[in-house]
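Everything on this sheet refers to the single structure shown next.
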Amino acid sequence: MHKVLSSGWTKAFLFLLCLAPLLWLVWGYFHEQLGANPIEYITHKTGDWTLRFLLITLCVTPFRKLFNQPQLARFRRMLGLFAFFYGCLHLTTWVWLDKFFDVHEMWKDVVKRRFITVGMTGFVLMIPLAVTSTSGWVRRLGFVRWQRLHRLVYFSALAGVIHYYWLVKSDVRLPLLYGAILGLLLGYRLVTAKPFRVRHSGSSGPMQMLK
Amino acid sequence: MLIRKSAQLHYSDVTPRPIYLNRRRFLTAGSMALGALGALRAATTGSKLNAIKSPLSTSEQPTPLEAITHYNNFYEFGTDKEDPSKNAYKLRTSPWSVKIEGAVAKPQTMDLDAILKIAPLEERIYRHRCVERWSMVIPWIGFPLSALLKQVQPTSKAKYVAFESVYDSKIMLASAYAGIQFPYVEGLRMDEAMHPLTLLAAGLYGETLPNQDGAPLRLVAPWKYGFKSIKSIVKIKLVEKEPPTTWNLSAASEYGFYSNVNPERDHPRWSQTKERRIGEFRLRDTVKFNGYGDQVASLYSGMDLVRKYY
């Protein structure tokens, strides 16, 4: 298991796997496989994958600890950046295919419609995380401050769940499921938080996690 | 301009419609006895309906049958747009009868066959605007609801018409998760119900209604959001007070009793000024009363359709 997780091939394979939802959308669009309303389908799917990648990213640390697989941390940055990537695509479908770059209309929606306000908040919170995702930025900020900044991802995921919950008309099963998963992932962190020991880096310390 | 390839060719001349409507099931049926059974059962429904052309039709290009039958809101059969096309075959639409009661001189239960003989069937090509900001153009077949109502002779107490959809939790398994109450109920004011545009539809594209589109009998009020046009009707009751309606019960601030198509009245969560016509890339401007204002605007003169009677 350790060997598989530390292999460069695994990371390359995972990278391609993360692109699969996008490849499906592109292929499906040109082969008319996205249903009667392909633009709505693309909007929904890019949104789904943004939230899913946020949750997958938040799984890394608990899984790493619970299953004692420190190598899992190698994938965290890539997964987080994929969440941002699908978030960008989701936002683009809205800006382009729904609002057709009408800035006035977009601003009206952002301030007036709470599900858009909260969705936009979730996206904006991801921007500093994507920008500071490089090793250089970890050095510049120092690990403790960097880690504190990156806790914003909890709020981004929470905003994503609320955005989804407020969007659906009446069938709230999926938003609640995502909410429950997020609750577990954040709950795990709350329970295992060791406020006085966090700064003493052990074998799974900061620099190793970034490799 | 409606473009027809040939007067001789019929919509159903290419692939038999029941197989077409259930083609995904048909394709996987090979080794699956259950799937084959479903296709067989579906093959017993769907037949041609003769109808005269109506001057009330729009000349806009109808939306392809594929989209009309695979992009449906029929929450009894699931909340995804494609769910009804997968699940609605379970509904048995024959025999079918409609109970008509309430403030009428002649309450009765009518068989579908008798209902379809009340008035000549017409093809009415109507615009259809969903509250979710998408729209279609659908060649319905039916006759004015007013013809049916006249037959049962409403009394002076009949101020509204309440409709009820079929509900059977045994075949509508997904309905438990829909988040709205069933049976689905809707209503119209008497003058709306008697309006010549208001249709009782039994078919589309030249044939009886596919189950997912509300077989065997549904309402079509083209100047209102789609959810007002209740599907698979089993009961019509004439009443004195405004009847409850399903989406209004679910979220009163979002779905009013009238729910006329109105770009001036936002849905709380999205603007209603534009719509995506299915099959089109750009959005269209939404027109008040879905473009039927010349015929229906007078029904609402003096009413505040934005704040009060939305």
_Within the stretch B:122-142, take every residue that is within 16 Å of the chain's Cα centre (by Cα) and in a loop (DSSP other than H, G, I, E, B) and give me the one that is surrounded by the most Cβ atoms within 10 Å (Cβ to Cβ)._
B:Val131
*Check off (1) away from chain B (no Cβ under 14 Å); (2) surrounded by 15 or more Cβ atoms within 10 Å (Cβ to Cβ); (3) within 18 Å of A:Gly87 (Cα to Cα); (4) not hydrophobic (A, V, I, L, M, F, W, C) for A:Gln147 and give me the number that stays unchecked.*
(3)
*asked:* Take the conditions within 13 Å of chain A (Cβ to nearest Cβ), assigned to a loop (DSSP other than H, G, I, E, B) and either farther than 24 Å from B:Leu299 by Cα or modelled with pLDDT under 95 (or both) and apply them to B:Glu275. Does it pass?
replied: no
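Within the stretch A:151-162, can one find any residue that is assigned to a helix (DSSP H, G or I), basic (Lys, Arg) and over 20 Å from B:Glu132 (Cβ atoms)? Don't jump to the end; show me each part of the working.
The first filter runs over the stretch A:151-162 and keeps only residues assigned to a helix (DSSP H, G or I), leaving A:152-162.
Going one step further and asking which of them are basic (Lys, Arg), we end up with none.
Taking every residue of the stretch A:151-162 in turn, none turns out to be assigned to a helix (DSSP H, G or I), basic (Lys, Arg) and over 20 Å from B:Glu132 (Cβ atoms).
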*Taking the residues in the stretch B:80-121 that are at negative phi, over 19 Å from the mean Cα position of the chain (by Cα) and among the small types (Gly, Ala, Ser) as candidates, determine which candidate is surrounded by the fewest Cβ atoms within 10 Å (Cβ to Cβ).*
B:Ala105
*Search the stretch B:130-152 for residues that are within 14 Å of chain A (Cβ to nearest Cβ) and pair each with any residue that is acidic (Asp, Glu) and outside any strand (DSSP E or B) when their beta-carbon atoms are under 7 Å apart and the residues are at least 6 apart or on different chains.*
B:Val137/B:Glu60
*From the list B:Glu76, B:Glu66, B:Glu60, which residue is out of contact with any Ser or Thr (no Cβ under 9 Å at 6 or more places or on another chain), charged (D, E, K, R) and either without any contact (Cβ under 8 Å) to a residue 40 or more places away in the chain or buried (at least 22 other Cβ atoms within 10 Å of the Cβ) (or both)?*
B:Glu66
*Is it true that B:Val261 is closer than 26 Å to A:Trp107 by Cα and surrounded by 19 or more Cβ atoms within 10 Å (Cβ to Cβ)?*
yes
*asked:* All but one of (1) in a loop (DSSP other than H, G, I, E, B); (2) touching a residue at least 12 places away in the same chain (Cβ under 8 Å); (3) among the hydrophobic types (A, V, I, L, M, F, W, C); (4) more than 19 Å from B:Tyr167 (Cβ to Cβ) hold for B:Phe281; state the number of the condition that does not hold.
replied: (2)
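Can you tell me which residues in the stretch B:234-272 are at the interface with chain A (Cβ under 9 Å from one of its Cβ atoms), over 30 Å from A:Phe30 (Cα atoms) and outside any loop (DSSP other than H, G, I, E, B)?
Hits for the stretch B:234-272 are B:Trp247, B:Ser250.
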*asked:* Being surrounded by 15 or more Cβ atoms within 10 Å (Cβ to Cβ), modelled with pLDDT of 95 or more and closer than 23 Å to B:Ser253 by Cα: is that true of A:Ile181 here?
replied: no
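The values are calculated or read from the model by the stated rules, or taken from the named source; none is laboratory data. Nothing here was measured: the structure is a model prediction, and the numbers come from that model. With ideal geometry, Cβ positions are generated from the backbone for all residues, glycine too; neighbour counts draw on all protein chains shown.
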